[in-house]
Structures are given as C-alpha cells and as structure tokens.
Amino acid sequence: MSFKILLGIFIVGLLVRFLYFPQNVYFAYDQARDSYTALDILKGDFKIVGPPSAASDKLFAGPLIFYILAPIYWLGNHNPEVVSGFFRVFNALGVFPVFLIGRILFNKFVGFTSAFLFAISYEQSQYSLFISHQPLAVVPVLLLWLGLAMLFFRKEGRGLFLVATGWGLALQFHYVYLLLFFGIFFLVFLLRKNLPIIKTKDLFGSLAIFFLIVGSYILSEIKFNFRITKALFLSSASPNFHPKSIIYVLNRFLHDTFWSDYSFTFIPAVLLIFVCLKLYRDRDRQKLFFLLIWLFVGTLSYFLSGTPSYYYSAGASVSLILLSSYLLGNIYKKSAALATLCIGGIIFNNLFLISSINPKGLNSDMVIQPGMLLSSQKEALDYIYKNAGDEHFSVNSLTIPYNINTTWNYLFEWYGKKKYSRLPIWVGPVAHGYPGSIPVSDRRSDLPNLQFLIIEPTVGIDSYIKHKFFNEENYFSRIEEEKSFGTITVQKRQKI
C-alpha cells in the first residue's frame, strides 16, 4: 500500500514538472555549449573536465554531465526537448529519498507529506526545467542525507554507501558541494554516540565508491597542475562574507514553498521556529540538529560567495519541508480540518507560482536570460526560412555572451538544417574557438542581399555595446520587417 501511495505521489511530481512541456524548454548558451561537448563524446572525444564556472576560469564542475547528456542526445536525435524530459523525470525521483528520510526521522505521515510537498514544489519544478549540471545535484544531495539518517537514526552501516555515492555525485555536478563535508563533520561530532560500528569492508567500500566517482577531478588536477585546488585556496585566502545573502536565500525558500508574498514570509518563519522549539523540548533535539545542520550547510555557500542564485542550494529547502511536515502531523492529531487547510494553502502557493512563472521557463534568479525558450527559437527559425524561400540569406545576432553564436549555431544545425536542408551564412566577426559548422563571412560586401538579425533578450548587455551594434547593422542594411517570438526578436533586412 505504501509503495502505491508513493508511486502516486511520484506521478503527481511528473505531472507538475511536465506542465507546459515542451513549450517551456529553456535553451541558451550554456545548454548549447554542453550539447556540443556531449556530441563530441559521441565522436570519441572523451572529457575529464566539466563545464566552467562563472566564478572563475580555473574552476570547473565534473564531466559526468556530458556523459549523461551524450546517450540522451544520441537516442533523442540531438533534440534538447528529450534532454529536458530526462531532467524532469530525474528531479521527480527525489520523492523517494524524501519519503524515506521523513519516515526514518519521524513516521510515515511525515514521509508521505514531505514527499508530496516535494512533488508539487515550485522550487523543484524550476530545477527540473534547467538543463545544466547544477540541478542534477538535487537527488544526490538527498541520497547523502538519507544515508546520514540511516547511519545516525537507524544505525545501519550501509547508509555509508549512500553518503559516499550522494556526496561523490553532488561533487560531479558542482565543486561547491565540498561544503557538505561540514555537515558530515558536525553530525559526527554532535551525534557520535548514535553511530553504529562501521565494518571495515563498508568503510573501504564506501571510500572506493567515493573516489571512483570523483576520480575525474583527481585526474584533471594532476593533468592541469592542481588549478582547481589552487583557485579554491587562493579565493579562500581572504574571504568576503555575505550574511545578507543567507537571509535572502532563506526568505526565498519560504517564498517558493509556503508564501508567495515576500511581505508575509515571516509567518511561516515564525511557525518553523515554533516547530524547532517543540522538537527541542520533546527530546527530539537530535533530529532538530540534523535538519538545521542540513539547512545551514545548504546555505553556507551563499555566506561565502554572496551570489543568491539557485545553483548552490540543491535540496537544502527539503529540510524545511520535513520540519513543516512534522508540524502538519502534530496539527492533524488535534484537527484534521486545520491540517488539511494548511496543506491546501501550501499546495495553492506552489501551484500559483508554477502556473504564473513556469510557462515562461526559468525565473531570473536561475538564469541571466529568462525567456530563451526552444519553442520561441524554433518559431524564429521557421520565420527566417519561410521568408527566405529559395533565396540565399545571412544571419547575425546580438547574443549573450557577446559575439558568440554557439546557441544559434546549434539550433540552425539541429533544427534548421534537418527541416529545411540548408544553412545560412553567418555575419562575422564571431569569437573563435567555439563549435559550429555554419560558414562565417567577415566581408559585408560578399553577403547575400537578404539578411536576418536575431536579437536575444538583452539583459546584461551594456547599452554602449547595443548602440554600437545597431549602428553598424543600420550602416550595412535596412529593416524591412520586425517580428517578436516571445522575448526573441527577428529583423528581416536588405543589404544597402
């Protein structure tokens, strides 16, 4: 019976994550770059370094993301929509470890309630829409905390294997999860009396699993003269602390899960503080410490970096979901109607945010360029090809990053060429060293008369750069027609 209920919750999670699919599939520069790298792996060009970090050109994630994307692109005929489908399913799988953690810490009611709240979570639905390495850390982080719960509250040594697997996989998806070490350390220190006797084979087996998973980091550090280690050490030599970022992120957790008005997030905050006090008085303080350490470690990166994105907090808010589910369980014992009303309010909050934001893809805290939707990009390409007919044409674009046409290269190669059997000429200059097979011409006089200009959402582009770009375009060509596809604009132009 429990499995059937849990399976039903998983299906609910899938339905929530597949709302508005495929219209809200997000595809921008990072997605195109990683897609090309995954396709290189299919050609035999194997990687030991993952995607670069925005924080430093010497910091990289692990390469596992490329080895996950490669077979999906192979099976899906290079279609990003298939990849997006995988991300949504993978994130929904989190309902299973969430249920198990809730059951181990408290009871089945808390387990089922927590799993359900995870299934309908707006925050998690946003993670599931983001085709990148960071969101894939959600399930591994949950596996790590499940393993710790098994160790400290069930005295099951096999939990160590989950800790090793979860932590190793989380590190593959982002180096910031090195900070999970502090969670493990604090729990061992505070709850050491709860630890079971660890068998030698379990200890060495877990270590072997961990180092096997993170082995690519070791190889890349040896090959590239320990550049990540040096970068992390140098960046932490004189750290800047950002306590306000933690407040911001905690407030966002409350907003995304419990109350979609930032002016009133103090209400769930007060209720959760009450739950903490109750857990402490009820001699469940060990479980309270467990959840608070989970929350603390999940927000620690913001204290160090000051970047309030979703990238570093995968799974951290689940600790609040578990606390709230414990509160709902206590309310249910006294008033089933009131508990139902509270759960209904949380469901409404999440579905309201999902229905308001998810049709447009990812929010502005998740990505720099909201609105780069594959559905709009395909419409833009259809417009270009249909207007061109049999005529030769060239394409230029105002992009982020500037002068890098990787995104549109991928789209023209995958969608345009497959559907219309030809590629345009790209207007140069473009940055060198980026993948793509579209021919580039730096000589404006050699370009076809028919030209198209693609304008991406210009958030983050300096006004001076935009002014210079359009002045140059207007010098060489004139606008005949302009049409918008969501946040993407296409100008049909004729050479002067």
Give the number of residues within the range 191-210 that are touching a residue at least 12 places away in the same chain (Cβ under 8 Å) and in a helix (DSSP H, G or I).
-> 8
Picking from LEU271, LEU328, which residue would you name as being surrounded by fewer than 18 Cβ atoms within 10 Å (Cβ to Cβ), in contact (Cβ under 8 Å) with a residue 40 or more places away in the chain and not polar (S, T, N, Q)?
-> LEU271
Out of ILE331, ILE354, ILE347, sole residue that is more than 19 Å from the chain's Cα centre (by Cα), at pLDDT 90 or above and either of a type in the set (A, V, I, L, M, F, W, C) or in the same structural domain as PHE99 (by TED's automatic domain parsing) (or both) = ILE347
Within the range 214-234, count every residue that is free of Cβ contacts under 8 Å to residues at least 12 places away in the same chain and under 19 Å from SER305 (Cβ atoms).
-> 3
Inspect the range 334-342 for any residue being assigned to a loop (DSSP other than H, G, I, E, B), closer than 23 Å to VAL110 by Cα and either assigned by TED's automatic domain parsing to the domain that holds PRO140 or β-branched (Val, Ile, Thr) (or both) and give the result as yes or no.
-> yes
Members of the range 299-318 that are outside any loop (DSSP other than H, G, I, E, B) and either at pLDDT below 90 or surrounded by fewer than 22 Cβ atoms within 10 Å (Cβ to Cβ) (or both) | THR299, LEU300, SER301, TYR302, PHE303, LEU304, SER305
Lone qualifier among PHE60, PHE87 - being farther than 29 Å from LEU291 by Cα and of a type outside the set (Asp, Glu) = PHE60
Look through the range 148-168, keep the residues that are of a type in the set (Phe, Trp, Tyr) and surrounded by fewer than 24 Cβ atoms within 10 Å (Cβ to Cβ), and return whichever of them is farthest from ALA28 (Cα to Cα).
-> PHE153
Going by the structure shown, is TYR262 crowded, with 20+ Cβ neighbours inside 10 Å, over 30 Å from ARG154 (Cα atoms), out of contact with any Leu (no Cβ under 6 Å at 6 or more places or on another chain) and of a type in the set (Phe, Trp, Tyr)?
-> no
Determine which single condition ARG88 fails, assuming it passes every other condition in (1) out of contact with any Ser or Thr (no Cβ under 6 Å at 6 or more places or on another chain); (2) closer than 21 Å to PHE18 by Cα.
-> (1)
Test TYR67 against the stated conditions and say whether it is touching a Ser or Thr at 6+ places or on another chain (Cβ under 7 Å) and either of a type in the set (Ser, Thr, Tyr) or not assigned by TED's automatic domain parsing to the domain that holds LEU143 (or both).
-> no
In the range 456-474, what residues are of a type outside the set (D, E, K, R) and in contact with a helix residue (DSSP H, G or I) (Cβ under 9 Å, 6 or more places away or on another chain)?
-> THR458, ILE461
Single condition VAL214 does not satisfy, out of (1) within 28 Å of LEU320 (Cβ to Cβ); (2) within 21 Å of the chain's Cα centre (by Cα) = (1)
Looking only at the range 50-72, which residues are among the aromatic types (Phe, Trp, Tyr), crowded, with 21+ Cβ neighbours inside 10 Å and out of contact with any Pro (no Cβ under 7 Å at 6 or more places or on another chain)?
-> PHE66
Residues located in the range 23-54, provided they are closer than 23 Å to GLY371 by Cα and either aliphatic (A, V, I, L, M) or not assigned by TED's automatic domain parsing to the domain that holds TYR177 (or both) = VAL25, ALA28, ALA32, ALA54
Any chance LEU322 is surrounded by 23 or more Cβ atoms within 10 Å (Cβ to Cβ), in a helix (DSSP H, G or I), at pLDDT 90 or above and under 25 Å from the mean Cα position of the chain (by Cα) = yes
Assess whether PHE161 counts as being assigned by TED's automatic domain parsing to the domain that holds PHE226, farther than 14 Å from PHE290 by Cβ and in contact with a His (Cβ under 6 Å, 6 or more places away or on another chain).
-> no
Restrict the check to the range 203-221 and report whether at least one residue is over 26 Å from HIS133 (Cα atoms) and surrounded by 12 or more Cβ atoms within 10 Å (Cβ to Cβ).
-> yes
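Conditions tested, residue by residue: (1) buried (at least 24 other Cβ atoms within 10 Å of the Cβ); (2) among the β-branched types (Val, Ile, Thr); (3) farther than 29 Å from TYR217 by Cα.
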position	(1), (2), (3)
GLU81	no, no, yes
ALA115	yes, no, yes
TYR122	no, no, yes
SER128	yes, no, no
LEU146	no, no, no
VAL188	no, yes, no
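The values are calculated or read from the model by the stated rules, or taken from the named source; none is laboratory data. Note that this is a predicted model, so its numbers are computed, not measured. All Cβ positions, even for glycine, are placed from backbone atoms using ideal geometry, and neighbour counts span all protein chains on display.
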